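Here's the structure, in C-alpha cells; my notes come after.
Nothing in this text is a laboratory measurement; each read-out follows from the coordinates by a stated rule. Every value quoted in this text rests on a predicted model; they were computed, and no experiment measured them. All Cβ positions, glycine included, derive from the backbone under ideal geometry; neighbour counts span all protein chains shown.
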Amino acid sequence: MDFTRSKAYPDRIPDRKDSPWRRYVALGDSFTEGLWDLPGGEPPSDAGTAEPAAPCRGWADLLAQHLAERTPGDELRYANLAVRGRLLGPILTEQVPTALGLEPDLVSLVGGGNDLLRPAADPDAMAARLEQAVVRLRRAGADVLLATGMDAKDSPVMRRTRGRVATLNSHVWSIARRHDAHVLDVWGMRSLRDWRMWSPDRIHLTTEGHRRVAQAALVALGLDPDDAAWDDPLTPLPPLRRTERIRQDAQWLRTHAYPWATRRLRGQSSGDRRAAKRPVLGPVG
C-alpha cells in the first residue's frame, strides 16, 4: 500500500478541492447530533442537563455544508440519524440499516463514547462490531468516515477512560487500513486540548469546537480545509488558581456528573424518546 495515498493517512493528501460525494449520511450519538453548537453563541451554564432552545447544528452539519459548496450543481443530499445518548450497539443495529436504505456514497460512523464511560466496556468487542458495520457499508459502495475518541488526559475524571479510548482508537486506525476508510483524528487535535472548546459539561463541544472538527473532517476526507489554521491552539490563558479550579470541579460534579449518574442508575438516557433530527436525505440548506 502506498501510505502517501491511503485514506487512513489523510493528513498527507489534502490534494482535492471538489467533493466527489452526492449522498452523505451521518450516524452516531450527541457528538454527531451536534450538542452544544447552538445558533448565536455559547452554550448555557447548564448545558448537558437543559433542553436546547433551538436545534443543534454540529460538525457533521457543517461538514455537509462544506461538501455542498464543493459539489457542482448543488447536488449534495444529507441526512443525520445521530441521537444523543446512543450506545454503539443501537447505532450499529438501528442507524446503519437505515443509512443503507438511503443508498449513501459517504457515511460518517462515529460512536462508542457513551459505552467507554462505563468501566466494564470492552473496546476489543466494540471494535469487532464496528468493523462488521464498516464492511457492510463498504460493500454497499459507500465511503466511510470513522473517528478516534478525544484524549482526556487533562480531565481529572474523564482521564480514567483514557486507556479504553486509546485501545478503541488503535482498532479504528486498523479497521480504516483494512477497509480503505477515512479517519477523523480527534485524539490528535491540539486545539481541542483547550477547555474553551468544550461546553460546561466537559463532554460536548462548543460552536468553535464543532467548527474545527468539521475542518478536520475535510482533511480526513482528503480535501483542502477552508481554514489553514484549523488546528492552531488558542492563545493560552493564565493558569487558574487552585481554589478556583476546585470550585469549578465541584460545580461540574453537582451540575453535570451527578445528573448523568442518576440517569444511568435509573436506566435512562438523554436520548430516550428522541428521533433523528434529519431522518431523510435532503438539501443541506
Legend entry - Nitroxide proxy distance, nm - points 7 Å out along Cα→Cβ at residue 208 and residue 105: 3.7 nm
Legend entry - Separation of the residue 65 and residue 160 label points, Cα + 7 Å toward Cβ, nm: 3.8 nm
Inset, instruction - Using Cα centres only, tell me the gap between the stretch 155-214 and the stretch 93-147 in whole Å. - result: 16 Å
Legend entry - Highest-first arrangement of 128-135, 71-78, where packing means the average Cβ count within 10 Å: 128-135, 71-78
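So if we plug the beta-carbon distance of residue 129 and residue 196 into 1/(1 + (r/R0)^6) with R0 = 35 Å, what FRET efficiency do we get, rounded to 0.05?
Numbers: r = 35 Å, r/R0 = 0.99.
That pair, residue 129 with residue 196, gives E of 0.50.
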